[in-house]
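This report concerns only the one structure given below.
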Amino acid sequence: MSYETIIVETHGRVGLVRLNRPQALNALNSTLIGELDRALDGFDKDAGIGCVVLTGSEKAFAAGADIKEMQSLSFPDTYLDDFITSWDRIGHKRKPIVAAVAGFALGGGCELAMMCDFILAADTAKFGQPEIKLGVMPGAGGTQRLTRFVGKAKAMEMCLTGRMMDASEAERAGLVSRVVPAAELVDEAMKVAAQIAGMSLPIAMMTKESVNRAYETTLAEGIRFERRVFHAMFATRDQKEGMTAFVEKRKPDFSHG
Ligand code: HXC
């Protein structure tokens, strides 16, 4: 499939998507979000893919939703088109997605990174929700996900002032899993993704589902969900293979079933 605003590659069991609107710092217009949704759906359906990396350029992961596309919208336009709701589909993919962020991840760019399962940041990464400077607020989950990830004080300050967080502050605050030198970002993300893709696919998918449940429910319900899914894992071949391989002191050879 050919795309206008993204570059899609497959490396073994890892899918790689690069946002590719360099002239606009990867501003997220509706074409890009549609293409990204289709590419990620393709990876979800491809049994040969175990993990996906989503990245941008050295200068920008994405500098936000496309301001030029939004500028003249009216309230009825946004309401009737259910503007931004299609972005939710990105946050509902079933296979693990690693965001590899270098440079700007602002507004919708920060929100897109937070829809992924974790963020690996280059030391050049800058995260922010500057929408307030444009006379709006975050509209793709920023007020909710950022608050859950970094706590109210930092989220409120960032959303109310538009202040950016650099990579080391983002790591301290828990927004990113790790910071790596910019030159190594994509290689490192691909390495982590290959490691994940080498695990049992159904087990990795159920693990993603279970961790994400922690953001949607109470502790007691979350633990009940975890227990049910944990029990279900004993119905897989991969549980037998993983535990047998340990006992036999060899590497597991998962069959993804
Ligand atoms: C459209 C954008 C853009 C954006 C940058 N560009 N961000 N176009 N939408 N979000 C374009 C610029 O217009 C310019 O094009 C080119 O990219 C390079 O940008 P510069 O500003 O010249 O680069 P620089 O001086 O290095 O500044 C980088 C920057 C700045 C600090 C990231 O571009 C910036 O502040 N961008 C906007 C960030 C922002 O407000 N994001 C939130 C958007 S609202 P031309 O053609 O002029 O050369 C949002 C709402 C989300 O995300 C809610 C729902 C999803």
*Ordering 186, 17 from largest to smallest accessible area (1.4 angstrom probe), what's the sequence?*
186, 17
*Please identify the trypsin sites (Lys or Arg not before Pro) of segment 156-226 that satisfy two criteria: DSSP loop assignment and at most 15 other Cβ atoms within 10 Å. Which are they?*
163
*When Lys and Arg each count +1 and Asp and Glu each count -1, what net charge do the other residues less than 10 Å away from residue 121, Cβ to Cβ, add up to?*
-1
*At a 1.4 Å probe, what is the % contribution of carbon and sulfur to the accessible area of the chain?*
57 percent
*Which whole-number value in Å² is the accessible area per residue of the chain, probe 1.4 Å?*
53 Å²
_Run the numbers for residue 148 and residue 71: contour at 0.36 nm per residue of separation, minus the present Cα-Cα distance, in nm._
24.8 nm
*What accessible surface, in Å², does a 1.4 Å probe find on residue 238, ignoring ligands, DNA and RNA and rounding to the nearest 10?*
0 Å²
*Pairing the Cα long axis of helix 219-233 with the longest principal axis of the chain, what angle in degrees results, from 0 to 90 and rounded to the nearest 10?*
40 degrees
*Not counting the cut sites, what is the longest span of the chain without chymotrypsin sites (Phe, Trp or Tyr not before Pro) that DSSP labels loop and that have at most 11 other Cβ atoms within 10 Å?*
1-214
_Cβ-derived FRET efficiency at R0 35 Å, residue 2 paired with residue 156, nearest 0.05_ = 0.25
*Considering only DSSP states other than H, G, I, E and B, which GluC sites (Glu not before Pro) in segment 162-257 qualify as loop sites with at most 12 other Cβ atoms within 10 Å?*
216, 248
*Segment residue 11-residue 234, length gained on full extension (0.36 nm per residue, minus Cα span)*: 77.3 nm
*For the chain, built as a Gaussian network whose Cα springs stay under 10 Å, the top-fluctuating residue of 36, 219, 25*: 219
*Specify the residue with the greatest mean-square fluctuation among 109, 242, 141, computed from a Gaussian network of the chain linking alpha-carbon atoms under 10 Å apart.*
242
*Ordering 73, 28, 134 by how much accessible area each has at a 1.4 Å probe, largest first, what is the list?*
134, 73, 28
*Excluding same-chain residues fewer than 8 positions from residue 45, which lysines have a Cα within less than 26 Å of its Cα?*
93, 95, 191, 208, 240
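The values are calculated or read from the model by the stated rules, or taken from the named source; none is laboratory data. These numbers were taken from a predicted model, which means no experiment stands behind them. Cβ: placed from backbone, ideal geometry, glycine included. Neighbour counts: every protein chain shown. Just the protein is used for accessible areas: all its heavy atoms, side chains included, with ligands, DNA and RNA removed. Shrake-Rupley method; radii C 1.70, N 1.55, O 1.52, S 1.80 Å.
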